[in-house]
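**Q** Below you will find the structure I want to go over with you.
Please treat every number below as a calculation from the coordinates, not as lab data. Everything numeric here is computed off the predicted structure, so don't read it as measured data. Cβ coordinates were reconstructed from backbone atoms using ideal geometry, including for glycine residues, and neighbour counts include every protein chain displayed.
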C-alpha cells in the first residue's frame, strides 16, 4: 500500500506492521530497516508455478483468524433443532505467480481485469520471497472470504456477515496482495447479495423458533398448573416440576414481555403446588401425632391386661384393641415401630400365659376323654342298636341312657380336638333310644285311633240308612247308601293299618 509520502509498505500478515520500502523516487531502507521482524521470517523457497504448496503448518506466518462468534445452544424442543455451529474453513492456498510478480527492485504487481497495479514494495529478501509474501497475504484474505461464505451458509448473523463482506470489498482495490483479486471481488459481491435473503430467512427462522419456544413454555405452564391443581403424587409431581424448571431455563428466544408473563404463571403454579403439598404433609403430621397418642393409650391398656387370667374375656378385649390399633392410622415411622413392639409384647405375655394354662388344662381334659371313652364302651351293650317298641328292652335302654348322661356330665370337659368325636358317639346312643320311643308313640297315637273309630261310625250310619231305604221300598237310595258305606269302610281300614304299621 502507499502512504502519504508515496512510499510502498509491505504489511506483516500477523503483526500488521508496515515495512517501508522506496519506490523509484524514494530512498532505499537500511539493512536493519529491511530485516523482517520476529515471527515474520519468510519461508525458504517458493513453490514453482502450478506445483502444490506445502501444508499451511509449515508456514512461518499463520493465517489471520477471524474473531470467534459465540452462539447459545438452544434447548431441545419438539421439532427440528436450530443450531449455528461454528463453520470450519480450510485455509486457502494459491499460486501467486499466476496473478502477479515482484520486480528485481522489489516492486510488487498484481494482475486484474483492469490491468496490472502496484500493491507494494518488497525489500526484505529476493523477489521470490516477496512474491510468496504477497501470495500469503492474498491467501489470508481469501480464507476470510471463505469464512464469511461458510458463516452465511450456516445461518450465522447475516447482517454482520454482510458488513464484513462490504468492508473487505471496499479494501480489495488497495489490498497489498497478489492473487485472483477479481474472483475474490465476485465472491464478496455474491455474499453481499445473498446476505439480505439470508437475513430475511434468518428472521423467519427466528420468528418460527420464537413461536415454537413460546408454545412450549405455554404447554409447560399448562402442565404445571394441572399438577398444582390436581396431582396428589407428591414426589413424582415435585420431580416433574423440577424437570420443567430445568427445561424452562434452557428455552431461549421468547419475547421478554411474554416470557415474564409465562414465568409468573409457572411460578404461581409451583407456589400453589408447594402450598398444597405443605398443607397435605402438615395435616399428615397432625394425623400421625394423633395416631401416636392413640396408640400409646392402647399400649397402656394392653399392658394392664397382660397379667389377666380371664382367658376368654381378655382375649376378646385384645381382639378389640387390635381392631382399634389398625383404625388409629400410622404414627411417625420410628415411633410406630416402637409402639407396635410395645403393644405386641403385652399381647404376647397374655397369650403365652393363656397357652400355658390351656396346656395344663388339656392334660386334665385328656384324662376326661379317656373316662368318657370307657363310659361309652360300658353303656353301648346296654343300649342295643335295635330296640323293640313296647318292650322291656326299651325301658331298660331309656334308664341306661339317663344314667350315662348323668355320669357323662359329671366327668367334665375333654380336649377340643376330641370333643366332636366323643359327642358324636354319645349322640348315636341317644338316637337309638329316641327312634324306639318315636316308634312306640306312633303305634299308640290317640289321634290316629280316634280318626279310625270315626270312620267306622260313618260306615255303620250309612249301612243303617241303606237298610231303612230297602225296607221303605227305595232300592236306589239303599244302593247309594251302601256305596258310601263301602267308601268309608276303606278309609277306616287304611287308618287302622297305618297305626298298626308304625
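**Q** Report the Cα-based extents of segment 313-419 along its three principal axes, largest first, to the nearest Å.
**A** Result for segment 313-419: principal-axis Cα extents of 79, 26, 18 Å.
**Q** Right, another one. I need the Debye-formula profile for segment 178-331: one equal scatterer per C-alpha, no solvent, reported as log10 I(q)/I(0) at q = 0.09, 0.16 1/Å, two decimals.
**A** -0.61, -0.94
**Q** Follow-up question, since we're still on this one. Kindly rank 143-156, 186-199 from highest to lowest mean number of other beta carbons found within 10 Å of each residue.
**A** By packing density, highest mean first, the sequence is 143-156, 186-199.
**Q** Can I ask one more? Just the Cα atoms of segment 381-443, one point each, no solvent: what log10 I(q)/I(0) does Debye give at q = 0.23, 0.29 Å⁻¹?
**A** Values, matching the q order: -0.93, -1.22.
**Q** Take the Cβ-Cβ distance between residue 490 and residue 398 as r, set R0 to 51 Å, and report the resulting FRET efficiency rounded to the nearest 0.05.
**A** Once the sixth-power term is evaluated, E becomes 0.85.
**Q** At a Förster radius of 35 Å, what calculated FRET efficiency corresponds to the Cβ-Cβ distance of residue 206 and residue 267, to the nearest 0.05? Could the numbers behind the result be given before it?
**A** Details: r = 26 Å, r/R0 = 0.76.
So the FRET efficiency works out to roughly 0.85.
**Q** Round to the nearest 0.05 the FRET efficiency obtained for residue 344 and residue 280 when R0 = 22 Å and r is the Cβ-Cβ distance.
**A** Taking R0 as 22 Å, the efficiency between residue 344 and residue 280 is 0.10.
**Q** Mind pulling up the Rg/Rh value for segment 208-287? Radius of gyration and Kirkwood radius, both on Cα.
**A** 1.07
**Q** List 137, 434, 489 from most exposed to least, where exposure is judged by having the fewest other Cβ atoms within 10 Å.
**A** Ascending number of Cβ neighbours within 10 Å: 434, 489, 137.
**Q** Would you please put 473-480, 340-347 in order of how densely packed they are, using the mean number of other Cβ atoms within 10 angstrom per residue and starting with the highest?
**A** So the order, starting with the most tightly packed, is 340-347, 473-480.
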